[in-house]
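Accompanying notes for the structure given below.
Quick note: the coordinates plus some simple rules give every number you see, no bench work behind them. This is a predicted model, so every value here is computed, not measured. No Cβ is skipped: glycine too gets one built from the backbone with ideal geometry, and neighbour counts run over all protein chains shown.
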Amino acid sequence: MEGPFQLAESVIDAVATETAPAVYLIRRIEETDTYAHYKARIGRANGSALKDELKKWIGSDYRVFCFEYVEDNLTAFYRQCILWHDMGGATNKLDNEQHPELHDKSKILCPICSNALDNSAST
Ligand SMILES: [Zn+2]
């Protein structure tokens with residue numbers, strides 16, 4: 001991943017220069033009376049939509065972004081799944097409470113949890 005960069009229009013235009021699918025991470029600081037910590041959201045951008053996806057979050061609580069270009073939309077989905085698991089999505093450590101999904105509801109499965117389910121079913 002490249003970054004973190006400031007989540008601002010001029011920065012997005014300057015660094016997100018390729019027209020390839022991507023995964024991205026945006027972060028905000030969550031504060032309570034006693035503590036402050038980073039909360040992150042993981043997203044993916046199909047085709048060349050990374051700039052537009054990132055710009056949707058300008059003006060929100062999110063302040064910084066990281067991103068990584070990948071070769072195709074399917075790889076973007078896989079990377080998003082892996083990051084979601086790695087960063088504790090299943091234990092509510094991320095702002096994405098839901099597991100990443102493909103929009104077209106195809107039969108492509110998460111490389112982490114679906115593989116594990118398949119393995120346990122076959123033994
Ligand atoms: Zn999964």
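Bridgeable lysines around residue 93 (alpha carbons under 16 Å apart, same-chain partners fewer than 8 residues away excluded): 39. Quick check: net charge around residue 20, other residues with Cβ under 9 Å of its Cβ, Lys/Arg +1 and Asp/Glu -1? After counting each charged neighbour, the total is -3.
When 31, 68, 101 are arranged by Cβ crowding within 10 Å, least crowded first, meaning fewest neighbours, the order is 31, 101, 68. Taking all Cα pairs closer than 8 Å and separated by 6 or more residues, the relative contact order of the chain comes to 28 percent.
Within the chain, 66, 113 have no other Cys Cβ under 4.7 Å of their Cβ and so lack a disulfide-compatible partner by this rule.
Is it possible to state the helix-based mean residue ellipticity at 222 nm for the chain, with each DSSP H run of 4+ residues giving -39500 (n - 2.57), the sum divided by total residues, to the nearest 500 deg cm²/dmol? What is it? Provide the component values of the computation, followed by the final result.
Values: 4 runs with 37 residues, N = 123.
When only DSSP H runs of four or more count, the value is -8500 deg cm²/dmol.
Compared with the dominant Cα axis of the chain, that is its longest principal axis, helix 73-86 is turned about 90°. For region 1-86, the set of chymotrypsin sites (Phe, Trp or Tyr not before Pro) satisfying both a DSSP loop assignment and a count of at most 13 other C-beta atoms within 10 Å is given as 35. Note on the chain: Cα Rg divided by 2.2 N^0.38 Å, N the number of residues, gives 1.14.
Please list, in order, the residues from region 28-56 whose amide nitrogen is less than 17 Å from a point placed 7 Å along the Cα→Cβ vector of residue 108. Taking a point 7 Å out along Cα→Cβ of residue 108, the residues of region 28-56 whose backbone N falls under 17 Å are 43-50.
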